[in-house]
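Inspection log for the structure reproduced underneath, given as structure tokens.
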Amino acid sequence: MRTNQFLHTSFGPRDLAILREALEIWCEEKGVELNSVVAELAATALVNMFREGHHTVPALIDQLNRHKSLSSEFVL
């Protein structure tokens with residue numbers, strides 16, 4: 001995907017529902033409040049992961065769990 005396309009990806013209702021579900025599940029599993037800074041960082045990462053082609057809830061959660069900054073004990 002070209003950089004311009006990556007940055008200007010639009011999301012439909014189904015896409016947003018997938019992103020929301022992945023965030024909610026991940027936060028629940030990690031004990032993170034949805035209105036926290038950590039959740040905000042995770043949401044930002046999720047958007048980028050979705051743009052990179054991870055379009056299912058399990059794939060997105062897997063990628064969040066592999067994310068070095070979000071998997072750090074320092075953050076959580």
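Taken together, the values in this text are just the output of simple stated rules run on the coordinates, not laboratory data. Values in this document were obtained by computation on a predicted structure and should not be read as measured data.
Tell me, what ³J(HN,Hα) does each residue in the range 49-57 have, in order and in whole Hz, if you take phi through Karplus 6.51 cos²θ - 1.76 cosθ + 1.60 with θ = phi - 60° and put x for Gly and Pro?
For the range 49-57, the Karplus curve yields 5, 4, 4, 7, x, 8, 10, 10, 4 Hz.
Hey, what D do you get for the range 3-71 in µm²/s if you plug the Kirkwood alpha-carbon radius into Stokes-Einstein at 25 °C and 0.890 mPa s?
The Stokes-Einstein estimate is 203 µm²/s.
Would you kindly state how much longer the chain becomes between SER10 and LYS68 on full extension, computed as 0.36 nm times their sequence separation minus their alpha carbon distance, in nm to one decimal?
Extending this stretch completely gives an extra 18.2 nm.
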